[in-house]
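One structure below.
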Amino acid sequence: MDTKIKLQQGDITKLQVDAIVNAANSSLMGGGGVDGAIHRAGGKQILEECIKIVDRQGRCKTGKAVITSGGNLPAKYVIHTVGPVYNGGKNVLKEEEQLANCYTNSLMLAFDNGIKTIAFPNISTGVYRFPKQRAAEIATETVDIFLENQEGIDEVIFICFDDENFGIYKKLLAV
Ligand code: AR6
């Protein structure tokens, strides 16, 4: 794994980085889980910017990403991406691709905005029920490939909230 990749456990809203990524839904109007925590801690400015984005370009599709300021957060920006709802079965390859797209599109948006440090939560592994092990494999491989091909981002933090995800990432990243 790229040495720019770091692992932490805790609350993403506390991180002092250029951008944190939000596991949003396509309405961009907030919700539970990490999305709720980010909007609560960041204040109404984030929601106001999300409303403007939806007015301008419509809902955010699964796998895509948009950017707002960080409001009251220590992070300068929030990149909102919409992970897939996991159903498995015959849709599993599409869902895996959509999850990978969340990471790639967030990193591309970060790069376009001059962001050097970015932190990701474990997208889709809560309410959206994506299996944690597979989600972590996709997340780490996708970020690794991006960093191999793109100079400009100095640090990518995977921040795990729950012990199970933290254990999975520890093994995968061998830290
Ligand atoms: N910091 C870091 N990670 C967190 C935090 C936090 N403060 N809180 C939860 N997590 P989820 P999803 C982890 O459900 O599965 C929302 O309602 C959590 O342990 O937040 O992508 C949206 O509006 C889990 O591993 O997101 C959508 O409707 C991970 O964040 C829907 O949930 C993702 O869990 C998105 O579902």
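FYI, it's all coordinate maths here, none of it is from the lab. Remember, it's a predicted structure, so these values are computed and weren't measured experimentally. With ideal geometry, Cβ positions are generated from the backbone for all residues, glycine too; neighbour counts draw on all protein chains shown.
Observations on the model:
- In order through segment 136-143: 3J(HN,Hα) via Karplus (6.51 cos²θ - 1.76 cosθ + 1.60), integer Hz, x for Gly, Pro: 5, 4, 5, 4, 5, 5, 5, 5
- Look at the alpha carbon pairs under 8 Å that are at least 6 residues apart: their mean separation over the length of the chain gives a relative contact order of 31 percent.
- Stokes-Einstein diffusion coefficient of segment 53-115, Kirkwood radius over Cα pairs, 25 °C, 0.890 mPa s, in µm²/s: 192 µm²/s
- Listed pairs LYS90/LYS171; LYS61/LYS116; LYS61/LYS94 exceeding 18 Å between Cα atoms: LYS90/LYS171; LYS61/LYS116
- Calculated from backbone phi, Karplus (6.51, -1.76, 1.60) coupling profile of segment 108-113 in Hz, x at Gly/Pro: 5, 5, 4, 4, 4, 9
- The base-10 log of I(q)/I(0) for segment 5-173, evaluated at q = 0.15, 0.20 Å⁻¹, reads -0.75, -1.42 [Debye formula, identical scatterers on Cα atoms, solvent excluded].
- Between GLU148 and ASN113, the FRET efficiency from the beta-carbon distance, with R0 = 25 Å, is close to 0.75.
- Spatially proximal aspartates and glutamates relative to LYS170 (Cα-Cα < 13 Å; intrachain offsets below 8 disregarded): GLU137, ASP162
- The gain in end-to-end length when the GLN16 to VAL127 segment is fully stretched comes to 37.4 nm, 0.36 nm per residue minus the alpha carbon separation.
- Estimated inter-spin distance, GLN8 and LYS94, nm [label 7 Å along Cα→Cβ]: 3.6 nm
- Value of [θ]222 nm, deg cm²/dmol, for the chain, DSSP H segments ≥ 4, -39500 (n - 2.57) each, nearest 500: -14000 deg cm²/dmol
- With a Förster radius of 35 Å applied to the C-beta separation of GLN57 and ASN87, the computed FRET efficiency comes to 0.85.
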